[in-house]
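Here's the structure, in structure tokens; my notes come after.
The values are calculated or read from the model by the stated rules, or taken from the named source; none is laboratory data. From a predicted model like this one, the values you see are computed outputs, not experimental measurements. For neighbour counting, all protein chains shown are included, and Cβ atoms are generated from backbone atoms with ideal geometry for every residue, glycine included. Side chains included, ligands, DNA and RNA excluded: accessible areas come from the protein's heavy atoms. Shrake-Rupley method; radii C 1.70, N 1.55, O 1.52, S 1.80 Å.
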Protein chains: 4
Amino acid sequence: MTRSLWHEGGLFARLRNACMPAWQAYVGHDFVRQLGAGTLPKQAFQHYLKQDYLFLIHYARAWALATAKATSLAEMRSANASVKAILDVEMGLHVAFCRDWGIDEKTLEATQEGEATLGYTRYVLARGLDGDLLDLVVALSPCALGYAEIGSALAAQATAENPYAAWIAMYAGDEFADVARSVADEVDRLGQTRGGDARFADLAKTFAQACRLEADFWRQGLAAA
Amino acid sequence: MTRSLWHEGGLFARLRNACMPAWQAYVGHDFVRQLGAGTLPKQAFQHYLKQDYLFLIHYARAWALATAKATSLAEMRSANASVKAILDVEMGLHVAFCRDWGIDEKTLEATQEGEATLGYTRYVLARGLDGDLLDLVVALSPCALGYAEIGSALAAQATAENPYAAWIAMYAGDEFADVARSVADEVDRLGQTRGGDARFADLAKTFAQACRLEADFWRQGLAAA
Amino acid sequence: MTRSLWHEGGLFARLRNACMPAWQAYVGHDFVRQLGAGTLPKQAFQHYLKQDYLFLIHYARAWALATAKATSLAEMRSANASVKAILDVEMGLHVAFCRDWGIDEKTLEATQEGEATLGYTRYVLARGLDGDLLDLVVALSPCALGYAEIGSALAAQATAENPYAAWIAMYAGDEFADVARSVADEVDRLGQTRGGDARFADLAKTFAQACRLEADFWRQGLAAA
Amino acid sequence: MTRSLWHEGGLFARLRNACMPAWQAYVGHDFVRQLGAGTLPKQAFQHYLKQDYLFLIHYARAWALATAKATSLAEMRSANASVKAILDVEMGLHVAFCRDWGIDEKTLEATQEGEATLGYTRYVLARGLDGDLLDLVVALSPCALGYAEIGSALAAQATAENPYAAWIAMYAGDEFADVARSVADEVDRLGQTRGGDARFADLAKTFAQACRLEADFWRQGLAAA
């Protein structure tokens, strides 16, 4: 990674620093370490994949809500880029990826939503209902940036024999890094126009909560093994 | 009025100052002046009363949305105080008041919503959808504070023969002043917790827009005469 | 209970019947049985009380959202009755009740939200965002009606020595039964005006999900013992 | 037009029939007739173009809200197709089109929102807040279908000398007809899954209101001449 995912001193970097314990518990979760070492039980990964299918649907809905809450064309296009990325690209990749792991589309569609999936996704959507665009994008940011950081970290250590090499390569890739970077940039930009400094304590609560819910999501996967 | 409706230097006072032309066009509208002079055509007033019935319903909905967007019990109670005031007290007073002016409840319920009524109310509700609690309460504040300022100003000049003396007395009264004051206080308080300084230009746009929509509402009444 | 909490054949009764396994897992949960037998560990009850404090705040927000989504004064007043009941009465009772169990208000305010509390409350709020008033009130109904059914069932068997007798009496009381009844009536009424029959399968999913989230809430309490 | 824009007997067709006076006042408005005859004052058209720029932004936001309210991937993709069409294609065409009429992008961005623009757009967004996906898509449908009907009708009579021939050709084209058709199909489909029959009277009110607001939008353009 020659270019950093976020700008030092920007609001995203400051939120990540302020919530470091929650951030580390998320990006350094046992699920992640086992995935990086190639020792994650297959059932845990499969359970995660199925729940992630449902997660992505609601994550796209939350970015659509961000598009609806935007007050300029630039903000709308930034938010809808994530909607399009998920609906038009990632969902297809995810379905294909799941097939490689023995999960067909019907199984995905019939998956019952797990408690952690429901909690995380509805928390973000409700944050979009009660807060403004900054609150919502802050709640959405740990997912994009955390996965990029995880992908990058695991790619540096993963061997070709790792059964999860393809997953790691996807989140370590330039394309995903660009998506993550644009989310961090949007957090920084909205922080300036929407009073991020004065709201920092409140935004940090949202950020830390989203990190905890990401960790719950990993735990939900591990618990299935 | 021994106590001011708002605190000098608070966010509400600064928004009012920054939007003075729009504020004056609202509180000093021809409708208001004719009402104060007792020369407002009766049809204009009756038309206004019927539209205000519909306005109050949506205004209460917007305060209910503010209650839903609140993130503390204190904020919820502050916002729901307005919902209760409207649903439990004002609507009853309004219906009784309209009866005195020859408009029965069935007529009120059958009133077709005017363009200015619809524009104003849906603007505020949509601001509650796209913004946060501060954006929404700023959009709601010109109504409460403007009516209190109008009531106070007209009461100082109105004679007992003015056919609109009862209306003036209601908005000049201590009870309404307390409601208005608590709205200004909430704008000030939210301004501090939600980055009001950094968002001032944007909030001023919302405030000025709400003032313009209040003026449109008066104009709608006058046009009926 | 001389008068039933709901009308046979009404939408609420049909949803309850259609979701009977989820309903039974909720109203007949181990937490409830131990509470009725007086054997529930004190820590479990205390943990439940603290989480219920946070639950009530968001439950009131959801009823405020219902008030905002209402399209008639009658609907608004019906929904806001629940907001007022919680903010103006129940929160005070709850704080006093918690004090009797050794939990002061500062502790309540400092309570970290549990996963089940967050999941349930945000699910309901998000249902209010994506659905209409019927979707939202259906999602809210298992709480009110289930507690009334539980209170009524446990009161019939509880002894005076039961340490939870006061809790049982509260939910077995006429006042709470009236609240629950009005929620069931509102589900029935909205079902008729908003196409409840054609939407039954979808509404039953929402109802069952809310029941499962109630059961998760009990489980969260038990897990603390 | 070899293929109809909507299916006879479908919910959209029935709403259009039930609201025929409002529909005719919209699609047969003086603005439309003068545009078809080539006699519309240039200032009226230019004013309309500038307001339509602002309209399109909020119209895209409303479709984004529809995407957020969707509960299946198919519904999300259907709604987001409109968001993408506007943000990625129509806005660019509109800006280029305005340039041909002597209105540069800076002028568009600096345009003050007219009363009819604000009223219509916020009405639709607020309908998305208080209603469900069916309420929202019904509120959005007169715009897409009405423009397609207008384009088709005017193309049949317009001469090459008509200064508005390019505008007419755009809305008479197959591409726009496909967009309109998919909106009608979505109204029909949602009508079946979300109880359209039982809610018909209420949906017709929304439909007629949206038609009236379209007519107000034309009137706003005419008034500028």
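A few comments on the model shown:
- Residues in the range B:130-157 that are in contact (Cβ under 8 Å) with a residue 40 or more places away in the chain and not in a helix (DSSP H, G or I): B:G131, B:D132, B:Q157.
- The single condition among (1) surrounded by 19 or more Cβ atoms within 10 Å (Cβ to Cβ); (2) away from chain D (no Cβ under 14 Å); (3) closer than 22 Å to C:W63 by Cβ that B:A62 does not satisfy is (2).
- Hey, D:Q209 closer than 19 Å to D:Y59 by Cβ, in contact (Cβ under 8 Å) with a residue 60 or more places away in the chain and within 14 Å of chain C (Cβ to nearest Cβ) or not: yes
- For the range B:81-123, the candidate set comprises residues that are within 8 Å of another protein chain (Cβ to nearest Cβ) and among the basic types (K, R); within that set, the residue that is nearest to C:S78 (Cα to Cα) is B:K84.
- Residues of the range B:1-29 satisfying the condition of being charged (D, E, K, R) and surrounded by fewer than 21 Cβ atoms within 10 Å (Cβ to Cβ): B:R3, B:E8
- Against the test of being open to solvent by 10 Å² or more (accessible area, probe 1.4 Å), modelled with pLDDT of 95 or more and either over 15 Å from the mean Cα position of the chain (by Cα) or within 29 Å of C:L118 (Cα to Cα) (or both), the options A:D185, A:D132 yield a single qualifying residue, A:D185.
- Which listed residue, of B:T111, B:T117, is open to solvent by 10 Å² or more (accessible area, probe 1.4 Å) and touching a residue at least 60 places away in the same chain (Cβ under 8 Å): B:T111
- Residue that is of a type in the set (A, V, I, L, M) and either part of a helix (DSSP H, G or I) or touching a Ser or Thr at 6+ places or on another chain (Cβ under 6 Å) (or both), where the choices are B:A204, B:A198, B:A160: B:A204
- So A:A139, is it more than 10 Å from chain C (Cβ to nearest Cβ), touching a Ser or Thr at 6+ places or on another chain (Cβ under 9 Å) and either crowded, with 24+ Cβ neighbours inside 10 Å or not basic (K, R) (or both): yes
- Residue match in the range D:153-161 (condition: over 24 Å from B:L118 (Cβ atoms), at pLDDT 95 or above and under 15 Å from the mean Cα position of the chain (by Cα)): no
- Total residues in the range A:30-52 satisfying the condition of being polar (S, T, N, Q) and buried (at least 20 other Cβ atoms within 10 Å of the Cβ): the figure is 1.
- D:A126 within 14 Å of chain B (Cβ to nearest Cβ), without any contact (Cβ under 8 Å) to a residue 12 or more places away in the chain, over 19 Å from the mean Cα position of the chain (by Cα) and part of a helix (DSSP H, G or I): no
- Screening D:D202, D:D197 for residues that are surrounded by fewer than 24 Cβ atoms within 10 Å (Cβ to Cβ), at pLDDT 95 or above and within 29 Å of A:D130 (Cα to Cα) leaves exactly one candidate, D:D202.
- Residue tally, condition of a type in the set (D, E) and without any contact (Cβ under 8 Å) to a residue 24 or more places away in the chain, over the range A:55-99: 1
- Count of the range D:181-195 residues, restricted to those that are out of contact with any Ser or Thr (no Cβ under 9 Å at 6 or more places or on another chain) and either among the hydroxyl-bearing types (S, T, Y) or within 30 Å of D:L49 (Cβ to Cβ) (or both), is 1.
- Of all the numbered requirements in (1) in contact with a Leu (Cβ under 7 Å, 6 or more places away or on another chain); (2) open to solvent by 20 Å² or more (accessible area, probe 1.4 Å), B:C98 misses one, and that requirement is (2).
- With respect to the stated conditions, B:Y123 fails to be among the hydroxyl-bearing types (S, T, Y), open to solvent by less than 20 Å² (accessible area, probe 1.4 Å) and farther than 26 Å from C:G128 by Cβ.
- Conditions (1) under 14 Å from the mean Cα position of the chain (by Cα); (2) open to solvent by less than 20 Å² (accessible area, probe 1.4 Å); (3) within 10 Å of another protein chain (Cβ to nearest Cβ): number failed by A:F55: (3)
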